[in-house]
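Working notes for the structure below.
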Amino acid sequence: MKILGISAHYHDAAAAMVVDGVPVCAVQEERLSRRKNDAAFPMAAIEWCLDHAGIEPDALDAVVFYERPMLKFERILTCALRAFPRSWRMFPKAMKNTLGEKVWVRGIISSHLGVPGRKVLFTEHHQSHAAAAFLTAPTRNAAILTTDGVGEWATLSVGHGQRRADGTSITLLREIRFPHSLGMLYSTFTAYLGFKVNEDEYKVMGLAGYGQPSMIDKVRKVIRRRPDGSFALDLDYFDFHTTAARSYSQRFIDLFGLPRSPYDPIDLTTTEGQRFADIAASVQRVLEDTLVEIARNLQRETGLPDLCVGGGVALNGVANARILAESGFERLFVPPAPGDAGCALGAALYADRIHFGNEDREVPDHPFWGPSVSGTELARVAAEDGQLVDELDEQTLIERTADDLMTGRIVGWMEGALEFGPRALGHRSILAAPHDAAMRDRINREIKYREKFRPFAPVVPIEAADRYFEMPSGGARLARFMSGVFPVRPEWREKLAAITHVDGTARVQALDRDMTPRLYSLLEEYGRRSGIPVLLNTSLNLAGEPIVNRTVEGYSTFLRCGIDVLVGDRTRVHKRGSLLTKRKEEVA
Amino acid sequence: MSPASSRHSPARLDRILTPVHRWIWRDPDRRVQKLLRFSETETDGGRDLLRAAELTSDPLLRRLYLVHATDEQRHGMLFRRRAAAMLSARPPRETVPLAELPPPSGHGLDDLEVDQETDSTMLAFLHVAEKSAASRFTVYRDVLRSDPATQGVFDDILRDEMFHMNYTLTQLVRVSPERHRRRLWKARLTRLWKTYLRLASALAGAIGAVLLTIYYFVVLPPFAWLAKRASTREDGGWTPVSPDRNNSLRRQY
């Protein structure tokens with residue numbers, strides 16, 4: 001059975017193909033269109049998936065959209081009515097936006113792909129998250145928690161899933177509904193702190209490390225616990241439900257002070273900078289406490305040892321680590337794409353297992369579902385520019401790269417299929433020695449062009465993770481896709497200064513040899529030279545750009561920043577002077 | 001490159017409109033808004049050029065597009081920094097409401113479908129666009145005599161624009177020696193057509209907004225009253241999910 005899953009129209013559009021119950025490919029539209037967080041109908045991603053799987057559209061058994069557009073429209077219209085007359089500015093925009101395209105999904109899919117309307121199916125948004133989290137995890141019976149900004153109405157759902165020989169089930173027991181939303185709470189603080197909503201939430205998490213949670217009482221005024229273990233936002237502090245222009249109200253500003261201008265840098269040496277860090281720390285703590293409480297209640301209720309977490313909030317590695325440590329669950333599974341992009345895969349798997357009732361199949365436990373790189377293409381374009389190009393055998397490549405890293409070079413690393421999801425997990429990465437804080441500053445300054453307060457992540461062989469990081473039971477699993485933040489052991493912090501955040505933690509990737517054998521070999525080789533098999537691993541992209549996909553995108557990134565060496569498959573390119581430092585007339 | 005090379009004669013229309021531009025740039029709030037929008041446009045232009053560099057099979061064009069893309073991204077940063085400096089120079093309460101400003105880098109109008117263009121059509125489009133921008137920026141620079149810092153930003157950018165204008169024309173003649181003039185005319189007409197489409201689309205959007213606003217105030221009040229009344233009965237907190245709610249995947253609601 002051939003099923004295409006699609007997510008689109010809000011953020012992170014994506015397509016995924018499931019054939020005979022197993023994913024064969026998945027890619028985010030942004031990786032192909034090169035527009036970060038591209039939300040457009042993912043035509044390029046769909047075409048690539050069909051092409052890669054060798055399937056004509058008319059051979060598809062179903063096309064599954066990741067949410068129910070009419071239900072979403074109902075929520076938008078209802079919210080506009082409830083906010084009458086304050087919603088008068090928002091109403092025309094919302095109607096034009098929704099009625100212009102977003103509610104006509106069945107027709108759009110039919111017309112673009114030429115498939116009959118009866119083949120187009122719809123899952124609910126949180127069902128898709130739940131399926132993406134549960135059906136891709138190596139567990140047969142687990143509790144499920146999904147949480148994000150909002151789907152149709154639900155913002156947080158709990159339930160459980162079961163995979164048996166006689167069928168698979170996903171049961172959502174209860175939900176919290178819009179406008180009460182942990183995702184919207186966090187996004188509101190993201191906007192207040194001068195960052196981009198739906199994109200920069202991880203900056204709030206990074207900034208939180210520099211602050212003290214001294215404003216928890218204030219945050220607790222805007223989100224209140226309820227006796228049934230849920231929560232409710234005090235809507236007087238918010239505007240997101242009445243206008244698209246601003247997330248927070250004047251009362252919010254009265255409570256927390258003036259918001260940060262997105263155009264001002266954060267200076268943590270000033271009182272104002274510290275205030276922003278304290279606010280970030282406070283909202284982060286409240287988010288964690290709320291999730292831990294909900295997860296703990298769910299564990300008591302289900303009695304299950306495993307929890308699958310989905311939705312955009314599951315990208316919060318600090319909260320995930322606390323859920324694992326404090327909720328009573330023994331293992332926590334977060335997929336590599338827990339956000340809306342992953343819903344494309346979740347929707348396709350849900351249709352396969354539950355709608356069509358197909359037999360359960362194991363899903364390969366890796367994130368590499370996208371297009372592949374070509375070393376030959378890299379060699380060609382680099383040679384055309386007069387760069388130093390080597391095409392090496394596997395062992396020599398590993399040794400030369402380990403030598404590069406030992407001498408302080410920064411390496412762009414491309415191999416195999418692109419990751420599905422927001423993390424670079426070893427196929428499109430920038431690698432560097434993790435020992436010196438100067439390396440972190442250099443990457444921030446010459447490559448990522450980003451704020452100083454943001455940390456970099458380490459990658460370590462799974463067997464060695466516990467030596468350098470305080471990994472709780474189940475931590476290695478959470479770290480498989482870089483989904484948890486754990487303390488760096490105090491005795492290693494100085495030697496791992498480039499990846500140790502100010503609060504002594506790191507967002508660890510614990511690498512399994514079977515998942516990425518070449519990078520694993522590189523870690524071993526680097527460990528033999530340095531004594532510490534740990535590398536700094538950050539995504540291969542520049543600020544404001546999606547992670548690179550094709551070889552030539554990696555090459556153009558290499559040319560435009562301070563990466564010293566680029567590896568693509570078995571081709572190694574050593575930069576011979578930056579193109580960008582030449583005089584323009586020389587280039588012409 | 002000498003400062004003299006940043007001199008460019010504005011087009012006649014831009015010269016005629018100089019008093020309008022002077023009026024627009026006089027107001028500090030409008031100045032900030034304009035600079036931020038330019039920042040957005042230049043950043044987006046840089047993204048398109050980067051894409052063009054990654055798509056072309058011509059090594060020289062790839063290098064030139066990369067240099068051009070880096071210039072555009074630098075321009076975006078210059079505009080943004082200048083706007084930020086103007087914003088921070090005023091007391092916080094007097095700043096332009098943040099929600100009304102475009103995001104620090106963003107997604108402006110995409111005139112160009114880079115993936116669909118050939119090298120020659122891309123070069124022709126770039127040449128016409130750069131020439132137009134240089135003409136307009138020259139006028140802006142001239143009307144900003146009272147604000148030397150902003151004027152300096154335009155001066156800096158204009159030097160790059162001259163290079164962009166020159167290389168795009170030279171390369172267009174190289175890749176399309178027989179038809180480069182036709183390509184330039186086609187690019188001019190295409191820009192004109194897209195300008196019309198933008199205006200028409202904006203007008204249609206405005207008419208739609210007016211009609212929907214009338215509808216909002218005339219038709220919706222009783223439904224709004226019902227919706228508000230219903231919301232007071234909602235308890236919040238956990239809502240049970242009915243087991244049969246998701247029985248069918250055929251429904252859109």
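Readers should treat all values here as calculations from the given coordinates under stated rules, not as data from a laboratory. Computed from a predicted model, the values in this text were never measured in an experiment. Here the Cβ positions follow ideal geometry from the backbone for every residue, glycine too, while neighbour counts run over all protein chains shown.
Considering the protein assembly as shown at the alpha-carbon level, its Rg and Dmax are found to be 26.9, 80 Å.
Estimated purely from DSSP H runs of n ≥ 4, each contributing -39500 (n - 2.57), the mean residue ellipticity at 222 nm for chain A is -10500 deg cm²/dmol once divided by its residues. Using the average count of surrounding beta-carbon atoms within 10 Å as a protection proxy, the listed peptides A:41-52, A:111-122 rank, highest first, as A:41-52, A:111-122. Taking amide H as placed 1.01 Å from N in the peptide plane, the amide H of residue A:508 sits under 5 Å from that of A:484, A:486, each at least 5 places away or on another chain. Each peptide among A:94-101, B:190-197, A:188-195, A:512-519 gets the average number of other Cβ atoms lying within 10 Å of its residues, and from highest to lowest they stand as A:188-195, A:512-519, A:94-101, B:190-197.
Cross-link partners of residue A:72 among lysines, defined as those whose alpha carbon lies under 30 angstrom from its own and excluding same-chain residues fewer than eight positions apart: A:2, A:36, A:93, A:96, A:102, A:119, A:196, A:203, A:221, B:228. Just the Cα atoms of the stretch B:131-253, one point each, no solvent: what log10 I(q)/I(0) does Debye give at q = 0.17 Å⁻¹? Evaluating at q = 0.17 Å⁻¹ gives log10 I(q)/I(0) of -1.11. The mean number of Cβ atoms from other chains found within 10 Å of a Cβ in peptide B:239-251 is 6, as a whole number.
With a ≥ b ≥ c taken as the square roots of the eigenvalues of the C-alpha gyration tensor of the stretch A:225-382, please select rounded if a/c is under 1.5 and otherwise prolate if a/b is larger than b/c or oblate if it is not? Write down the numbers at each step before the final one.
Numbers: a/c = 2.01, a/b = 1.27, b/c = 1.58.
It comes out oblate by the Cα gyration axes.
Would you mind giving the average projected area, over all directions, of the Cα convex hull of the stretch A:106-219 in nm² with one decimal? Write out the running numbers ahead of the final one.
On the way: hull surface 43.8 nm².
Approximately 10.9 nm², given one-decimal rounding.
What whole-number value in cubic angstrom gives the convex hull volume per residue for the C-alpha atoms of the stretch A:159-269?
On the way: hull volume 17.7 nm³, N = 111.
Expressed per residue, the convex hull around the Cα atoms of the stretch A:159-269 is 160 Å³.
With a simple spin-label model that places each label point 7 Å from the Cα along the Cα-to-Cβ direction, the separation between residue A:244 and residue A:20 comes to 4.5 nm. Averaged over peptide A:132-138, the number of partner chain Cβ atoms lying within 10 Å of each residue's Cβ comes to 0. In the frame of its principal axes, the stretch B:3-181 has Cα extents of 56, 32, 25 Å, reported largest first.
Report the calculated FRET efficiency for residue A:58 and residue A:97 (r = Cβ-Cβ distance, R0 = 30 Å), to the nearest 0.05. Present the calculation step by step, with values, prior to reporting the outcome.
Values: r = 32 Å, r/R0 = 1.06.
It comes out at approximately 0.40.
Rounded to the nearest 20 debye, the dipole size of chain A about its Cα centre is 1580 debye, using +1 on the Cβ of Lys and Arg and -1 on the Cβ of Asp and Glu. Mean per-residue shielding of peptide B:200-210 is 2, counting Cβ atoms of other chains within 10 Å of each Cβ.
I'd like the FRET efficiency for residue B:190 and residue A:437, computed as 1/(1 + (r/R0)^6) with the beta carbon distance as r and R0 of 51 Å, rounded to 0.05. Walk me through the numbers on the way to the answer.
Numbers: r = 51 Å, r/R0 = 1.01.
The computed FRET efficiency comes out at 0.50.
FRET efficiency for the residue B:90 to residue B:218 pair, using the beta carbon distance and R₀ = 45 Å, is estimated at 0.65. Counting only the Cα atoms, the stretch A:454-558 fills a convex hull of 118 Å³ per residue.
The listed peptides B:42-54, B:175-187, ordered by packing as a protection proxy, come out as B:42-54, B:175-187 (highest mean of other Cβ atoms within 10 Å first).
Under the convention that each Lys and Arg Cβ holds +1 and each Asp and Glu Cβ holds -1, the size of the dipole of the stretch B:3-181 around its Cα centre is about 820 debye.
Taking 0.36 nm per residue of separation and subtracting the Cα-Cα distance, full extension of the segment from residue B:231 to residue B:209 would add 5.2 nm.
Can you give me the convex hull volume of the Cα atoms of the stretch B:19-69, divided per residue and expressed in Å³?
On the way: hull volume 4.0 nm³, N = 51.
Spelled out: Cα convex hull of the stretch B:19-69, divided by residues, is 79 Å³.
Which value in nm describes the separation of the simple spin-label points at residue B:12 and residue A:47, placed 7 Å from the Cα toward the beta carbon? The two pseudo-label positions are separated by 4.3 nm.
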